[in-house]
1. State all residues of segment 137-164 that are within 16 Å of GLN107 (Cα to Cα) and open to solvent by less than 100 Å² (accessible area, probe 1.4 Å); if no residue qualifies, say none.
2. For segment 114-136, which positions are open to solvent by 40 Å² or more (accessible area, probe 1.4 Å) and under 11 Å from LYS90 (Cα atoms)?
3. Return the only residue of THR46, THR5 being among the polar types (S, T, N, Q) and within 13 Å of the chain's Cα centre (by Cα).
4. Quick one: count up the residues across segment 26-41 that are out of contact with any Ser or Thr (no Cβ under 9 Å at 6 or more places or on another chain) and either aliphatic (A, V, I, L, M) or loosely packed, with under 12 Cβ neighbours inside 10 Å (or both).
5. Scanning segment 1-16 for residues that are assigned to a helix (DSSP H, G or I) and closer than 14 Å to ARG64 by Cβ, which turns out least open to solvent (accessible area, probe 1.4 Å)?
6. Please specify each residue of segment 48-68 satisfying the condition of being within 14 Å of VAL87 (Cα to Cα) and either among the acidic types (Asp, Glu) or in contact with a His (Cβ under 8 Å, 6 or more places away or on another chain) (or both).
7. In this structure, does VAL108 turn out to be closer than 30 Å to VAL155 by Cα, open to solvent by less than 50 Å² (accessible area, probe 1.4 Å), part of a helix (DSSP H, G or I) and of a type outside the set (Phe, Trp, Tyr)?
8. What do you reckon, is ALA89 aliphatic (A, V, I, L, M), assigned to a helix (DSSP H, G or I) and open to solvent by 40 Å² or more (accessible area, probe 1.4 Å)?
Amino acid sequence: MVNNTYADFKMLPNAEAEAAFQSDVLSEGYSAFRRLLDGITEAIKTAADADIAGIEHSIAKASRLFPEPVNFSPSWACIWSELEATVAAKKHVLSSISHSDRTGEWQVIMDNPQVVQEVVCYPGLDFHDAAYLYAYFRPQLEKSEYIRLQKIQTVIQEIGNLNK
C-alpha cells in the first residue's frame with residue numbers, strides 16, 4: 001500500500017514526480033486521495049499569513065493532477081472550489097486583522113434572522129481556530145444568513161450549582 005502524504009505532495013520537484021504521485025493515488029483510490037485532502041484541510045486550518053500562497057499553489061496543483069475528484073467520491077464533486085473559497089475567506093480574515101489584535105478569546109456566530117432556527121456559536125477560541133471556522137463556514141452561507149468573527153473583550157461566566 002502506498003502512503004503518500006500532503007507533505008510528500010508539497011515537495012514534488014518536477015512533472016515526473018507529479019506523474020508518479022498521481023499514478024500512486026489513482027491506483028490506491030479513495031484512501032490516498034482522502035489523505036491528500038486531509039493534508040490540505042489541515043494546512044488551511046493551521047495556516048498563518050505566509051502560508052496562504054503555498055496552499056493556493058497546492059490546491060491548484062492538486063486540481064490539475066486530479067481534475068475529477070468525483071471519481072473518488074460523489075461528495076467531492078466541488079471539492080476544489082470549496083477549498084479555494086475556504087482559503088480565500090481565511091486570507092481575507094488574516095489580511096483584515098493585524099497581528100497585534102489577534103490575541104485573546106474569539107468566537108464565531110452564525111444566524112439567519114429570516115427563519116426560525118437556533119443561533120450557532122463557537123465561543124472560547126483562539127484566533128487561528130476562529131479564523132479557520134469562519135473561513136470554513138463563510139462560503140456555505142445561505143440567503144439571509146450571516147457569520148460573525150468577533151473578539152471577546154469582557155466575559156462574565158458562571159456555572160450553575162451542581163448540587164441542586
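The values are calculated or read from the model by the stated rules, or taken from the named source; none is laboratory data. These figures come from a predicted structure and were not determined experimentally. Glycine also receives a Cβ, built like all others from the backbone with ideal geometry; neighbour counts cover every protein chain displayed. Calculation scope for accessible area: heavy atoms of the full protein, side chains included, ligands and nucleic acids excluded. Shrake-Rupley method; radii C 1.70, N 1.55, O 1.52, S 1.80 Å.
1. As a first pass, look at segment 137-164 and keep what is within 16 Å of GLN107 (Cα to Cα): 137-138, 146-157.
Result: PHE137, TYR146, ILE147, LEU149, GLN150, LYS151, ILE152, VAL155.
2. Across segment 114-136, the qualifying residues are HIS128, ASP129, TYR136.
3. Result: THR46 is the single residue among THR46, THR5 that is among the polar types (S, T, N, Q) and within 13 Å of the chain's Cα centre (by Cα).
4. 4
5. Residues of segment 1-16 that are assigned to a helix (DSSP H, G or I), as a first pass: 6-10, 15-16.
Those still in the list that are closer than 14 Å to ARG64 by Cβ too: 9, 15.
Numbers: PHE9: 0, ALA15: 75 Å².
Among residues in segment 1-16 that are assigned to a helix (DSSP H, G or I) and closer than 14 Å to ARG64 by Cβ, the one least open to solvent (accessible area, probe 1.4 Å) is PHE9.
6. If we filter segment 48-68 for residues that are within 14 Å of VAL87 (Cα to Cα), which is where we start, we get 48-60.
Residues satisfying the conditions are ALA48, ASP49, ASP51, GLU56.
7. Numbers: closer than 30 Å to VAL155 by Cα: yes; open to solvent by less than 50 Å² (accessible area, probe 1.4 Å): yes; part of a helix (DSSP H, G or I): no; of a type outside the set (Phe, Trp, Tyr): yes.
For VAL108, the condition - closer than 30 Å to VAL155 by Cα, open to solvent by less than 50 Å² (accessible area, probe 1.4 Å), part of a helix (DSSP H, G or I) and of a type outside the set (Phe, Trp, Tyr) - is not met.
8. Numbers: aliphatic (A, V, I, L, M): yes; assigned to a helix (DSSP H, G or I): yes; open to solvent by 40 Å² or more (accessible area, probe 1.4 Å): no.
Considered against the rule, which asks whether it is aliphatic (A, V, I, L, M), assigned to a helix (DSSP H, G or I) and open to solvent by 40 Å² or more (accessible area, probe 1.4 Å), ALA89 comes out as no.
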